[in-house]
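**Q** Okay, handing you the structure first.
The values are calculated or read from the model by the stated rules, or taken from the named source; none is laboratory data. This structure is a prediction, so every number in the text was calculated from the model and none was measured. Neighbour counts are summed over all protein chains in view; Cβ atoms, including those assigned to glycine, are modelled from backbone coordinates with ideal geometry. Surface accessibility is based on the protein's heavy atoms, side chains included, excluding ligands, DNA and RNA. Shrake-Rupley method; radii C 1.70, N 1.55, O 1.52, S 1.80 Å.
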Amino acid sequence: RGALILALPMLVVGALGALVGLAEISATFPTYPSEALQTRWARILLLVNLLAAVFAFWLVRAYAPNVDLVMAILGVGIGFQAIIRTRFTLAKQIGGSGSGDVSLNLGWLYDQFQNLCKNQIDMELMRGRRNAVTRLMDRFPTLAELYDIATYTILARATLTPEEEKAKLAELDKLLDPKAPANFARASMALMILEHGGQGYVDLLLEQ
């Protein structure tokens, strides 16, 4: 129990760090959030956020032991996550384009790591997307079937604005151009169904 009480602040700080990483992944892959979180690089991103927050909290407690515990948890759990993603401008060029500014970009290294994780997660998801598109094309072999399903999927979405809905339908109508390769049009429509409906919706269509 004593060890748990000592470790509890670090667990809270680590959970806050992992929560920020979770939000970043969900915002980056809004169509496939659960699938993205199951990839290896998503777990790496969450683990790095967690360990970095715990290490920062350990430094604070080691060099400033008199700081209030609750303030230390909030300061590290929230403030540290903001600091490592921030660029500080120390001196700003007067009336210039900004190229002469003196700045300290603490977020550059994290940006590189985040981009690496994002690209790797996206490539891991490619296999699942290709599999879902292929299964949709096998289940609904004609262009007309895929077009009807894609149209309904777009119209059924509750979060699309009228402008977004109109743009998506116009994009879908372009695929009916007789000059467009048939296989490309079918694959694009299947991908639109997946992107707008999600993996669970595709599974439902394939089960019918």
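**Q** Quick one: which residue in Ala150, Ala182, Ala158 is out of contact with any strand residue (DSSP E or B) (no Cβ under 7 Å at 6 or more places or on another chain) and crowded, with 19+ Cβ neighbours inside 10 Å?
**A** Step by step, each of Ala150, Ala182, Ala158 is checked, and only Ala150 is out of contact with any strand residue (DSSP E or B) (no Cβ under 7 Å at 6 or more places or on another chain) and crowded, with 19+ Cβ neighbours inside 10 Å.
**Q** Checking Met192 against (1) farther than 18 Å from Gly128 by Cα; (2) assigned to a helix (DSSP H, G or I): exactly one of these is not met. Which one?
**A** Tallying (1) farther than 18 Å from Gly128 by Cα; (2) assigned to a helix (DSSP H, G or I), Met192 fails exactly one: (1).
**Q** What pairs come out if I take residues in the stretch 18-36 that are farther than 14 Å from Gln120 by Cα and pair them with residues that are small (Gly, Ala, Ser) and part of a helix (DSSP H, G or I) whose C-beta lies under 7 Å away, six or more apart or interchain?
**A** Thr31/Gly198; Pro33/Ser26
**Q** Related question: Looking for whichever is touching a Ser or Thr at 6+ places or on another chain (Cβ under 8 Å), surrounded by 18 or more Cβ atoms within 10 Å (Cβ to Cβ), aliphatic (A, V, I, L, M) and part of a helix (DSSP H, G or I) here; the options are Ala56, Ala36, Ala42. Which one fits?
**A** Answer to the selection: Ala36.
**Q** Does at least one position in the stretch 87-101 carry a residue that is of a type in the set (Ser, Thr, Tyr), modelled with pLDDT of 85 or more and surrounded by 12 or more Cβ atoms within 10 Å (Cβ to Cβ)?
**A** no
**Q** Any residue at all in the stretch 152-172 that's over 27 Å from the mean Cα position of the chain (by Cα) and over 16 Å from Asn131 (Cβ atoms)?
**A** No, the stretch 152-172 contains no residue that is over 27 Å from the mean Cα position of the chain (by Cα) and over 16 Å from Asn131 (Cβ atoms).
**Q** Could you grab me the full set of residues in the stretch 161-179 that are surrounded by fewer than 19 Cβ atoms within 10 Å (Cβ to Cβ) and either of a type in the set (Gly, Ala, Ser) or part of a helix (DSSP H, G or I) (or both)?
**A** If the condition is that a residue be surrounded by fewer than 19 Cβ atoms within 10 Å (Cβ to Cβ) and either of a type in the set (Gly, Ala, Ser) or part of a helix (DSSP H, G or I) (or both), then Pro162, Glu163, Glu164, Glu165, Lys166, Ala167, Leu169, Ala170, Glu171, Asp173, Lys174 are the ones that fit.
**Q** Still on this structure, I have one more. Cβ-Cβ distance below 9 Å, separation of 6 or more or different chains: which pairs start in the stretch 180-208 with a residue that is more than 16 Å from Arg157 (Cα to Cα) and end on one that is outside any helix (DSSP H, G or I) and open to solvent by 60 Å² or more (accessible area, probe 1.4 Å)?
**A** If the second residue must be outside any helix (DSSP H, G or I) and open to solvent by 60 Å² or more (accessible area, probe 1.4 Å), the pairs left are Ala185/Leu176; Ala185/Asp177; Arg186/Pro141; Arg186/Thr142.
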